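Structure record follows, encoded as structure tokens.
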Amino acid sequence: MKPNNRILVVDDNISIHRDFKKVLSNPRAEEKRKLAQIEKGLFQDIAEEEEENSLLEYQNYEVDSAFQGEEALQMVIKAHEEGRGYAMVFMDVRMPPGWDGIETIARIWERYPDIEMVICTAYSDYSWEKILAQLGTTDRLLFLRKPFDTTAVKQMALSQTRKWNLSQQAQRYVRQLESEIKERKRSEERLHYLAHHDSLTNLANRTQFYEKLVKTLEVAKEHDSKLALFFVDLDRFKEINDTLGYHNGDLILKQIAQRLRKVIGDSGLVARFGGDEFAVLMHSVSSKEDAAFLATRIHDVLEPNFNLEDLQLEVRASIGIVLFPDHGEDADTLMRRADMMMSVAKKSDPGYTFYDPKFDHYSPRRLMLLGELRRAINNNDLCLYYQPKISFETGYIIGCEALVRWHHPKIGRIFPDEFVPLAERSGLIKPLSMWVLKEAPRQWEEWHNLGITMSISVNLSVRDLFDSHIPEKIAEILDHHNMPPEMLILEITESAMMEDPQQARSILSRLNDMGIKLAIDDFGTGYSSLAYLKNLPVDEIKIDKSFVMELDTDEDDATIVKSTIDLGHTLGLSVTAEGVEKGEGWEMLRELGCDFAQGYFMGRPMPVNELTEWLEKSSWGLRAHADSVKDGPGGV
């Protein structure tokens with residue numbers, strides 16, 4: 001931006017104006033060299049090659065004249081309104097019969113306090129102390145005695161216009177920064193809202209419901225009070241979607257949300273978990289009878305037909321109910337049992353059912369799996385599947401994520417969603433994590449000996465972050481298998497970090513110092529503070545698949561993903577999208593600037609032999625990458 005070198009001279013003597021304009025007019029070559037030395041002495045930060053340009057910029061002064069204080073004020077106002085305000089003013093003190101220079105400065109500063117001022121006077125009765133007493137101590141005021149020394153005038157013009165321009169530049173930077181901070185805050189607030197609310201009904205979503213339940217349980221335990229959970233499933237709602245289409249089904253869901261809000265009011269929390277499933281948390285239920293009464297009210301509020309254009313539709317619901325502390329004392333148990341009883345309620349006459357242990361078929365299986373899982377870990381009966389991780393920049397694989405699998409000899413395949421939470425609750429998660437941490441580097445070494453080199457990502461649990469010896473254990477494993485630390489990426493969920501942020505930061509810092517790369521998994525589901533996140537030694541965030549799978553059809557998901565990518569890059573982190581299952585999603589992520597992706601569109605999790613074959617045959621694989629490099633530009 002071109003500097004502002006506009007100067008106003010205020011004096012009732014016309015000869016003074018001629019002198020100022022003569023002194024501040026465009027200097028001759030010899031004077032330019034002298035002024036260059038002045039500027040260099042005043043501003044040491046100016047580089048040699050900038051001296052001439054800087055001098056030319058700051059010596060083309062535009063000098064205007066005012067002969068009275070009132071006239072000066074009006075000229076300053078007009079110049080500001082035109083967007084060409086004055087950088088500095090040379091102000092005479094005595095200008096009869098109007099305002100003197102001190103009053104004129106005070107009036108100008110009332111409106112424009114940034115203007116640099118130089119008081120010019122030949123009278124001894126205007127001392128510096130008296131002037132400061134009237135105008136106050138400031139760094140925007142200089143004192144110049146008449147008769148003037150021309151060099152002093154040039155120095156003041158040079159320094160004060162430059163100072164004014166630097167001050168304005170700094171203010172512009174501050175305003176820009178404040179604007180960016182406000183925009184960032186709005187984005188964070190919007191991201192938080194989208195991550196905690198259902199986009200269709202604006203009800204709380206599963207994440208917010210779970211967080212609220214955990215906090216409410218803490219209060220209830222402290223005050224020895226009761227809670228009730230209601231899981232509500234709409235009966236045969238699929239028929240509405242299949243017959244009338246999802247758009248009309250969504251209109252019904254919005255009406256249902258409004259009715260549930262009306263019956264619950266401020267005495268509880270209503271959430272939509274997705275599809276036709278809702279949940280209610282009530283913290284004012286003192287007995288089983290109270291809960292039964294509320295379940296009846298929910299049925300009653302849903303009984304009137306729903307209007308959809310010319311159609312009158314009937315919707316019924318099945319409700320599973322659990323009470324705290326009668327039916328469980330932690331959030332996971334209560335939610336699992338409410339969900340289980342919701343299915344049972346579909347076969348009951350009143351349409352709602354309280355938890356009954358006889359319907360809980362998971363307990364015997366859980367006990368059996370606990371013993372079997374321990375043996376599977378000790379006997380090396382688990383295996384790792386590997387899911388490719390693809391770079392948007394190259395279009396080829398750059399690494400893979402190791403995912404533990406369990407093929408039980410009698411039961412068959414047991415999904416991680418069942419045995420990993422079981423391990424976390426039973427204390428088996430640490431030996432399970434160590435098994436994975438040993439097996440993944442062993443496989444890396446085997447691939448490396450075959451000429452296949454790529455990074456491997458491994459998940460760490462919250463228990464691992466509380467193990468102060470985990471860095472040494474990992475270092476020993478890497479050394480045993482000759483695996484460079486940068487080839488290992490450790491993934492930690494947001495919720496794991498937030499359980500004990502200080503401990504998490506300590507362990508992660510030690511791992512980072514070893515050269516191991518760190519990633520935040522399932523980003524967006526736990527909502528860690530960005531202020532906390534930027535201080536962690538992490539390299540990558542992985543956007544949870546729940547935001548990615550319907551990216552091309554859900555505007556809210558697209559907003560969340562775009563905001564996450566932008567925020568990640570702002571923090572200097574790479575961003576990986578999980579759950580990419582369609583080509584449309586891949587293309588949208590590429591356009592949004594995402595760095596890496598995982599998902600069934602590129603490759604599902606595979607056992608070692610299948611992935612090795614995939615690396616050779618897939619268009620995303622290493623052989624395809626090698627061929628493209630060999631063939632050069634345009635190669636396949």
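The values are calculated or read from the model by the stated rules, or taken from the named source; none is laboratory data. The structure displayed is predicted, hence computed values, not measured ones. Here Cβ is always computed from backbone atoms with ideal geometry, including for glycine, and neighbour counts include all displayed protein chains. Accessible surface is based on the protein model in full, side chains and every heavy atom, while ligands, DNA and RNA are left aside. Shrake-Rupley method; radii C 1.70, N 1.55, O 1.52, S 1.80 Å.
Sort through Ile321, Ile377 and tell me the only one that's surrounded by 14 or more Cβ atoms within 10 Å (Cβ to Cβ), more than 35 Å from the chain's Cα centre (by Cα) and within 29 Å of Asp224 (Cα to Cα). Full working, then the answer.
Details: Ile377 fails: within 29 Å of Asp224 (Cα to Cα).
Within the list Ile321, Ile377, the selection yields Ile321.
Which numbered condition in (1) in contact (Cβ under 8 Å) with a residue 12 or more places away in the chain; (2) surrounded by fewer than 19 Cβ atoms within 10 Å (Cβ to Cβ) is the only one that Gly599 fails?
Looking at each condition in turn, Gly599 falls short on (2).
Please go through the range 568-579 and pick out each residue that is outside any helix (DSSP H, G or I) and crowded, with 19+ Cβ neighbours inside 10 Å.
Leu573, Val575, Thr576, Ala577, Glu578, Gly579, listed by residue number.
Look through Asp114, Asp92 and report the one residue that is open to solvent by 40 Å² or more (accessible area, probe 1.4 Å) and either of a type in the set (A, V, I, L, M, F, W, C) or at pLDDT below 95 (or both).
Only one candidate qualifies: Asp114.
Scanning for something touching a helix residue (DSSP H, G or I) at 6+ places or on another chain (Cβ under 9 Å), surrounded by 14 or more Cβ atoms within 10 Å (Cβ to Cβ) and assigned to a loop (DSSP other than H, G, I, E, B), does the range 127-137 turn up at least one residue?
Within the range 127-137, not a single residue is touching a helix residue (DSSP H, G or I) at 6+ places or on another chain (Cβ under 9 Å), surrounded by 14 or more Cβ atoms within 10 Å (Cβ to Cβ) and assigned to a loop (DSSP other than H, G, I, E, B).
Does any residue of the range 97-111 turn out to be surrounded by 17 or more Cβ atoms within 10 Å (Cβ to Cβ), within 48 Å of the chain's Cα centre (by Cα), modelled with pLDDT of 90 or more and outside any helix (DSSP H, G or I)?
no
Every residue, every condition in (1) modelled with pLDDT of 90 or more; (2) within 25 Å of Thr296 (Cβ to Cβ); (3) touching a Phe, Trp or Tyr at 6+ places or on another chain (Cβ under 8 Å); (4) among the hydroxyl-bearing types (Ser, Thr, Tyr), yes or no:
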position	(1), (2), (3), (4)
His192	no, no, yes, no
His197	yes, no, no, no
Thr201	yes, yes, no, yes
Asn205	yes, no, yes, no
Leu213	yes, yes, no, no
Glu218	yes, no, no, no
Leu227	yes, yes, yes, no
Ile240	no, yes, no, no
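I need the full set of residues from the range 295-318 which are open to solvent by less than 60 Å² (accessible area, probe 1.4 Å) and either basic (Lys, Arg) or at positive phi (or both), in order please.
None - no residue of the range 295-318 is open to solvent by less than 60 Å² (accessible area, probe 1.4 Å) and either basic (Lys, Arg) or at positive phi (or both), so the list stays empty.
State yes or no: is Thr453 under 20 Å from Gly399 (Cβ atoms), of a type in the set (Val, Ile, Thr), modelled with pLDDT under 95 and crowded, with 17+ Cβ neighbours inside 10 Å? First the steps, then the outcome.
Details: under 20 Å from Gly399 (Cβ atoms): yes; of a type in the set (Val, Ile, Thr): yes; modelled with pLDDT under 95: yes; crowded, with 17+ Cβ neighbours inside 10 Å: no.
No.
Looking at (1) open to solvent by less than 80 Å² (accessible area, probe 1.4 Å); (2) part of a helix (DSSP H, G or I); (3) in contact (Cβ under 8 Å) with a residue 12 or more places away in the chain; (4) within 23 Å of Thr216 (Cα to Cα), can you tell me which one Thr333 breaks?
Against the list (1) open to solvent by less than 80 Å² (accessible area, probe 1.4 Å); (2) part of a helix (DSSP H, G or I); (3) in contact (Cβ under 8 Å) with a residue 12 or more places away in the chain; (4) within 23 Å of Thr216 (Cα to Cα), Thr333 comes up short only on (3).
Cβ-Cβ under 8 Å, sequence separation 6+ or interchain: first residue in the range 250-271 and under 18 Å from Ser318 (Cβ atoms) and in contact (Cβ under 8 Å) with a residue 60 or more places away in the chain, partner open to solvent by 10 Å² or more (accessible area, probe 1.4 Å) and of a type in the set (Val, Ile, Thr). Which pairs?
Partner pairs satisfying both residue conditions: Ile252/Ile240.
If a residue has to be out of contact with any Asp or Glu (no Cβ under 9 Å at 6 or more places or on another chain) and at pLDDT 90 or above to count, how many in the range 260-278 make the cut?
Total meeting the criteria: 7.
What single numbered condition from (1) surrounded by fewer than 13 Cβ atoms within 10 Å (Cβ to Cβ); (2) without any contact (Cβ under 8 Å) to a residue 40 or more places away in the chain fails to hold for Gly274?
(2)
Which residue is nearest to Leu142 (Cα to Cα), if the candidates are limited to the range 66-94 and must be small (Gly, Ala, Ser) and under 49 Å from the mean Cα position of the chain (by Cα)?
Checked the range 66-94; the qualifying residue nearest to Leu142 (Cα to Cα) is Ala87.
Quick one: which residue in Leu191, Leu158 is part of a helix (DSSP H, G or I), under 30 Å from Ala122 (Cβ atoms) and open to solvent by less than 40 Å² (accessible area, probe 1.4 Å)? I'd like the intermediate steps shown before the answer.
Working: Leu191 fails: under 30 Å from Ala122 (Cβ atoms).
From the options Leu191, Leu158, the qualifying one is Leu158.
Among the small types (Gly, Ala, Ser), open to solvent by less than 60 Å² (accessible area, probe 1.4 Å) and within 30 Å of Thr564 (Cα to Cα): does that describe Ser167?
no
Here is a list: His407, His448. Which entry is open to solvent by 80 Å² or more (accessible area, probe 1.4 Å) and under 17 Å from Met606 (Cα atoms)?
On the way: His448 fails: under 17 Å from Met606 (Cα atoms).
Result: His407 is the single residue among His407, His448 that is open to solvent by 80 Å² or more (accessible area, probe 1.4 Å) and under 17 Å from Met606 (Cα atoms).
Residue under question is Ala440, and the condition is that it be more than 15 Å from Val608 (Cα to Cα), small (Gly, Ala, Ser) and in a helix (DSSP H, G or I); does it hold?
When the stated conditions are applied, Ala440 does not pass them.
Anything in the range 571-586 that is on the phi < 0 side of the Ramachandran plot and free of Cβ contacts under 8 Å to residues at least 12 places away in the same chain? List them, or say none.
none
Residues in the range 21-31: is at least one open to solvent by 70 Å² or more (accessible area, probe 1.4 Å), at pLDDT below 95, over 21 Å from Ile102 (Cβ atoms) and under 45 Å from the mean Cα position of the chain (by Cα)?
The answer is no, given that none of the residues of the range 21-31 is open to solvent by 70 Å² or more (accessible area, probe 1.4 Å), at pLDDT below 95, over 21 Å from Ile102 (Cβ atoms) and under 45 Å from the mean Cα position of the chain (by Cα).
I'd like to check something: does the range 71-84 contain any residue that is among the basic types (Lys, Arg), surrounded by fewer than 15 Cβ atoms within 10 Å (Cβ to Cβ) and outside any helix (DSSP H, G or I)?
There is at least one residue in the range 71-84 that is among the basic types (Lys, Arg), surrounded by fewer than 15 Cβ atoms within 10 Å (Cβ to Cβ) and outside any helix (DSSP H, G or I).
If you go through the range 348-357 one residue at a time, do you hit one that is loosely packed, with under 14 Cβ neighbours inside 10 Å, within 19 Å of Asp464 (Cα to Cα) and either out of contact with any Gly (no Cβ under 7 Å at 6 or more places or on another chain) or not β-branched (Val, Ile, Thr) (or both)?
No, the range 348-357 has no match at all.
Which ones in the range 279-291 are within 14 Å of Ile319 (Cβ to Cβ) and either crowded, with 16+ Cβ neighbours inside 10 Å or modelled with pLDDT under 85 (or both)?
Selection gives Ala279, Val280, Leu281, Met282, Val285, Ala291.
Restricting to the range 222-234, and then to whatever is open to solvent by 10 Å² or more (accessible area, probe 1.4 Å) and touching a residue at least 24 places away in the same chain (Cβ under 8 Å), can you tell me which residue is nearest to Asp339 (Cα to Cα)? Working first, answer last.
First, the residues of the range 222-234 that are open to solvent by 10 Å² or more (accessible area, probe 1.4 Å): 222-226, 233.
Now restrict to residues that are touching a residue at least 24 places away in the same chain (Cβ under 8 Å): 225-226, 233.
Working: Ser225: 22, Lys226: 19, Asp233: 9 Å.
Filtering the range 222-234 for residues that are open to solvent by 10 Å² or more (accessible area, probe 1.4 Å) and touching a residue at least 24 places away in the same chain (Cβ under 8 Å), the one nearest to Asp339 (Cα to Cα) comes out as Asp233.
Filter the helices (runs of 4 or more DSSP H) completely within the range 486-567 down to those with at least 2 residues that are at pLDDT 80 or above.
Correct list: 501-513, 545-548.
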